[in-house]
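Engineer: Mind having a look at this structure? Questions to follow.
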Amino acid sequence: MARSKVTVVGAGNVGATTAQRIAEAGLADVVLIDIIEGLPQGKALDLAEAAPVVGHDARISGTNDYADTAGSDIVVVTSGLARQPGMSRDDLLAKNAGIVRSVVEQAAAASPDAILIIVTNPLDAMCHVASQASGFPRERVLGMAGILDSARFRTFIARELGVSVEDTHAFVLGGHGDTMVPLPRYSTVAGVPITELMSPERVDALSQRTANGGAEVVALLKTGSAYYAPAASTFEMVESILLDRKRVLPCAVMLAGEFKTDGLFVGVPVVLGRTGLERVFEIALTDAEQAAFDRSAGAVRELVEKLATL
Ligand code: NAI
Ligand code: 2OP
């Protein structure tokens, strides 16, 4: 059986690291594409030359031509500018909207049946751009952010309680921005909600650190933003789709009435399988949680409205 094919648009930090994870897991052949000549070819060659040592047979190629991406099962979009210190995700809006529109039009034309996974920021707004540029149904346009935000929350919870990250689960919903919604009630260690394991003050502190998680890394790196955890999170989506695992993962999807929201990409738990979004996994929210979710959705709506004026 032929291996699946995944195109990764943008051979920068997130894109190249995602390509490495997919290839080294032997999950799919990978095509790296970037606007810079030589960059995707060089990184692809370097990754291919690691294959004999790592021990996998996935093919990795680099290109500047969308013809080489034809027939992809999944297209991951990481092309765009990354945040610099002092720059908000929203500052990226206009520049990245133009980049995402152009790359999605070309990638969708080459792979009309592909599932799109958008990573470029500001994430939820870029999903709208990708949805319009591709014309794909909502099942095949997904955004990566919730897994990353939840992974950060899981990391902080596990460190606080001195337990394994493996036994620590968390849900962070809403837009990928300062208004994201960590849900402590649904965040657990071995099935026990963290609200029963630490004080409300500590829960709040960890939730705030999570919402600031991207900026915390940017402030340390100074020349770019996080990419190891973002690439691992993107890989988790690719794997659940290609292996039809039906993982329940927080992803940005176009809501159609779920979580009292309509016509907007926002992060919610979804079931991911071979056809992409298989269903939104609705969970009951308290009034306060729903209000926080609505605030976050409102911030996404503002950006989408701004997009229409660009
Ligand atoms: P990077 O700067 O390392 O890589 C971006 C790549 O995109 C560069 O190689 C650049 O040449 C390429 N590019 C620019 N315009 C292009 C075009 N028209 N066609 C093809 N390639 C093009 O940036 P990094 O760190 O990989 O981040 C990429 C994006 O992902 C940023 O917007 C960043 O904010 C976002 N991001 C989103 C996360 C999320 O949770 N959704 C997490 C981490 C990053
Ligand atoms: C992050 O959360 C920059 O959105 C990116 O790390």
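The values are calculated or read from the model by the stated rules, or taken from the named source; none is laboratory data. This structure is a prediction, so every number in the text was calculated from the model and none was measured. Backbone-built Cβ (ideal geometry, glycine too); neighbour counts: all protein chains shown. All accessible areas refer to the heavy atoms of the entire protein, side chains included, with ligands and DNA or RNA removed. Shrake-Rupley method; radii C 1.70, N 1.55, O 1.52, S 1.80 Å.
Engineer: Which numbered condition trips up Val203, out of (1) surrounded by 19 or more Cβ atoms within 10 Å (Cβ to Cβ); (2) under 19 Å from Ala299 (Cα atoms); (3) of a type outside the set (Lys, Arg); (4) more than 16 Å from ligand 1 (Cβ to nearest atom)?
Structural biologist: Result: Val203 passes all but (2).
Engineer: A further question on this structure: Among the numbered criteria (1) buried (at least 22 other Cβ atoms within 10 Å of the Cβ); (2) touching a Leu at 6+ places or on another chain (Cβ under 7 Å); (3) aliphatic (A, V, I, L, M), which single criterion is violated by Ala229?
Structural biologist: In the conditions (1) buried (at least 22 other Cβ atoms within 10 Å of the Cβ); (2) touching a Leu at 6+ places or on another chain (Cβ under 7 Å); (3) aliphatic (A, V, I, L, M), Ala229 misses (1) alone.
Engineer: For segment 25-125, list the strands (runs of 3 or more DSSP E) that sit wholly inside it and hold at least 1 residues that are closer than 25 Å to Leu264 by Cα; which are they?
Structural biologist: On the way: elements: 28-33, 60-63, 74-77, 115-118.
The strands (runs of 3 or more DSSP E) meeting that bar are 74-77, 115-118.
Engineer: Given the structure, is Phe235 away from ligand 2 (no atom under 13 Å from the Cβ) and closer than 19 Å to Ala82 by Cβ?
Structural biologist: On the way: away from ligand 2 (no atom under 13 Å from the Cβ): yes; closer than 19 Å to Ala82 by Cβ: yes.
Yes, satisfied.
Engineer: Which residues, taken from segment 114-149, are of a type in the set (Ser, Thr, Tyr) and either open to solvent by less than 10 Å² (accessible area, probe 1.4 Å) or in contact with a Ser or Thr (Cβ under 7 Å, 6 or more places away or on another chain) (or both)?
Structural biologist: Thr120
Engineer: Name the residue, out of Gly257, Gly273, that is farther than 30 Å from Val6 by Cα and without any contact (Cβ under 8 Å) to a residue 40 or more places away in the chain.
Structural biologist: Values: Gly273 fails: farther than 30 Å from Val6 by Cα.
Testing whether each residue is farther than 30 Å from Val6 by Cα and without any contact (Cβ under 8 Å) to a residue 40 or more places away in the chain leaves just Gly257.
Engineer: Being part of a loop (DSSP other than H, G, I, E, B) and within 21 Å of the chain's Cα centre (by Cα) is the filter; apply it to segment 1-24 and report the residue that is farthest from ligand 1 (Cβ to nearest atom). I'd like the intermediate steps shown before the answer.
Structural biologist: Let us first name the residues in segment 1-24 that are part of a loop (DSSP other than H, G, I, E, B), namely 1-3, 10-12.
Filter again for within 21 Å of the chain's Cα centre (by Cα), leaving 10-12.
Details: Gly10: 3, Ala11: 5, Gly12: 2 Å.
Restricting to residues being part of a loop (DSSP other than H, G, I, E, B) and within 21 Å of the chain's Cα centre (by Cα), the top hit is Ala11.
Engineer: Could you go through segment 154-171 and let me know if any residue there is under 19 Å from Gln290 (Cβ atoms), within 15 Å of the chain's Cα centre (by Cα), in the same structural domain as Gly273 (by TED's automatic domain parsing) and modelled with pLDDT under 95.
Structural biologist: First, pick out the residues of segment 154-171 that are under 19 Å from Gln290 (Cβ atoms): 170-171.
Those left that are additionally within 15 Å of the chain's Cα centre (by Cα): 171.
Within this subset, residues satisfying the condition of being in the same structural domain as Gly273 (by TED's automatic domain parsing) are 171.
Okay, now just the ones that are also modelled with pLDDT under 95, so 171.
The answer is yes; a qualifying residue exists.
Engineer: Any residue at all in segment 158-176 that is in contact with a Lys or Arg (Cβ under 6 Å, 6 or more places away or on another chain), open to solvent by 10 Å² or more (accessible area, probe 1.4 Å) and either within 16 Å of ligand 1 (Cβ to nearest atom) or within 27 Å of Val30 (Cα to Cα) (or both)?
Structural biologist: The first filter runs over segment 158-176 and keeps only residues in contact with a Lys or Arg (Cβ under 6 Å, 6 or more places away or on another chain), leaving 165, 168, 170.
In the following step, the residues that additionally are open to solvent by 10 Å² or more (accessible area, probe 1.4 Å) were identified as 165, 170.
Filter again for either within 16 Å of ligand 1 (Cβ to nearest atom) or within 27 Å of Val30 (Cα to Cα) (or both), leaving 170.
Within segment 158-176 (the criterion being in contact with a Lys or Arg (Cβ under 6 Å, 6 or more places away or on another chain), open to solvent by 10 Å² or more (accessible area, probe 1.4 Å) and either within 16 Å of ligand 1 (Cβ to nearest atom) or within 27 Å of Val30 (Cα to Cα) (or both)), the answer is yes, since at least one residue qualifies.
Engineer: Tell me the residue from Ala308, Ala297 that is closer than 19 Å to Leu93 by Cβ and touching a strand residue (DSSP E or B) at 6+ places or on another chain (Cβ under 8 Å), please.
Structural biologist: On inspection, the qualifying residue turns out to be Ala297.
Engineer: Quick one: count up the residues across segment 206-226 that are free of Cβ contacts under 8 Å to residues at least 40 places away in the same chain and either open to solvent by 50 Å² or more (accessible area, probe 1.4 Å) or not assigned by TED's automatic domain parsing to the domain that holds Gly175 (or both).
Structural biologist: Residues that pass the stated criteria total 5.
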